[in-house]
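The values are calculated or read from the model by the stated rules, or taken from the named source; none is laboratory data. Just so it is clear, the structure is predicted and the values come from calculations on it, not from any experiment. Every residue, glycine as well, gets a Cβ built from its backbone with ideal geometry; the counts of neighbours run over all protein chains shown.
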Amino acid sequence: MASRVRFGAMGTAAVILCGWLSSFGSVPAAADRSFSAAPAPQAGSGNVRGSGKSVERPAVAPGRRGATVGRPGAGSAPVRPGGAGIPGTPAPTGALPPTEEPRAGDPPVSEAGAPRHIDCAKQKCVALTFDDGPGPKTGTLLRMLAERNVRATFFVVGRNAAAEPAVIRREIADGHVVGNHSWSHADLGRASAATVRSELVRTQRAVRHAAGVTPVLMRPPYGSTDRTVAAVTRDLGLAQILWAVDPLDWKDRNSAIVTRRVVRGTKPGYIVLMHDIHPTTIAAVPGIIRALKAKGYVFATVPELLGTHLKPGHRYTKRNH
Ligand SMILES: [Zn+2]
């Protein structure tokens with residue numbers, strides 16, 4: 001199983017397959033060319049189109065143990081089909097109802113977490129997503145989002161979630177959605193099926209233990225996925241959520257640059273990739289929200305954006321209108 005997909009910036013017909021470090025070295029300096037924008041792969045198409053300029057950064061939560069860094073030099077390889085639907089495969093619901101009672105000492109469910117209805121078929125939606133946390137500043141971000149009545153989707157690293165269960169509970173209580181970003185920020189596209197399963201299952205357990213909900217969404221670190229990841233995620237009931245806008249916030253720790261890239265790159269139905277372990281990204285969030293609201297955007301969680309009948313194993317980058 002040598003091939004893998006490096007899911008990154010898209011928009012041309014090229015498929016990008018490269019190791020993280022080699023990708024890092026090839027990320028173009030031109031900021032405005034760094035956006036990812038692509039049609040979601042069609043079911044069973046097996047192809048990811050992309051210009052491949054973006055990569056997801058490795059998880060390095062300050063103060064936590066060493067990050068898993070993707071191995072370099074994957075080189076090009078054919079893209080393998082990603083998770084074609086299997087009849088009878090249960091679909092993730094997208095809804096994440098708590099299965100456990102709140103724990104003693106938990107903050108009350110905030111108004112921000114109250115039920116609501118967004119129709120992204122009619123409204124101009126965007127989904128902000130934050131990877132690699134919880135980090136030291138995630139609480140600050142959660143307060144910013146709650147004050148603005150904005151919900152997001154958090155793809156959490158399992159070991160971080162296990163270390164900060166109260167933050168996971170806060171995310172759920174505030175109406176955000178929590179997805180699985182592997183236990184150790186592993187390069188799943190290079191891992192064995194057993195490792196992929198272990199990384200995902202441990203994180204499912206950590207989130208369930210923390211907040212009483214079981215994720216139905218996952219995002220492969222570095223966007224690195226392949227047929228094995230598709231098969232395991234299908235088996236675990238996890239849809240693969242990639243992105244359509246990548247401001248490279250891990251690389252350019254500059255709030256103004258991140259804000260500009262997100263605001264310029266966003267189109268209706270897009271999923272935006274950011275990282276809540278970078279203070280510069282968190283500082284950019286109020287401006288991003290203000291600018292996108294001014295353009296008429298509604299902030300949806302990924303299930304609100306894509307619907308609740310996502311196919312486990314499939315990859316999604318945006319809403320198909
Ligand atoms: Zn990540």
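The set of residues in the range 302-321 that are under 12 Å from LYS124 (Cα atoms), under 18 Å from the mean Cα position of the chain (by Cα) and either at pLDDT below 95 or surrounded by fewer than 22 Cβ atoms within 10 Å (Cβ to Cβ) (or both) is empty.
Starting from the range 285-301, keep only residues that are touching a residue at least 60 places away in the same chain (Cβ under 8 Å) and surrounded by fewer than 19 Cβ atoms within 10 Å (Cβ to Cβ), then list their pairs with residues that are among the aromatic types (Phe, Trp, Tyr) and not in a helix (DSSP H, G or I) whose Cβ atoms are within a distance under 7 Å, requiring at least 6 positions of separation or different chains. Matching pairs, first to second residue: none at all. Scan the range 166-204 for residues that are in contact (Cβ under 8 Å) with a residue 12 or more places away in the chain, farther than 22 Å from PRO303 by Cβ, part of a helix (DSSP H, G or I) and more than 14 Å from the ligand (Cβ to nearest atom) and the total you get is 7.
Selection of the range 161-181 for residues being within 22 Å of GLY237 (Cα to Cα) and of a type outside the set (Val, Ile, Thr) yields ALA161, ALA162, ARG169, GLU171, GLY175, HIS176, GLY179, ASN180, HIS181.
Whenever a residue of the range 113-128 is farther than 19 Å from GLU147 by Cα, it has no partner that is of a type in the set (Asp, Glu) and part of a strand (DSSP E or B) lying with C-beta atoms less than 9 angstrom away and at least six residues away or across chains. Residues in the range 114-137 that are crowded, with 24+ Cβ neighbours inside 10 Å and either of a type in the set (D, E, K, R) or within 12 Å of HIS275 (Cα to Cα) (or both): LEU128, THR129, PHE130, ASP131, ASP132, GLY133, PRO134, GLY135. Scanning the range 209-252 for residues that are surrounded by fewer than 22 Cβ atoms within 10 Å (Cβ to Cβ) and in contact with a Lys or Arg (Cβ under 6 Å, 6 or more places away or on another chain) gives THR214, ARG227. Residues of the range 212-248 that are on the phi > 0 side of the Ramachandran plot and within 15 Å of the ligand (Cβ to nearest atom): TYR222, GLY223, LEU248.
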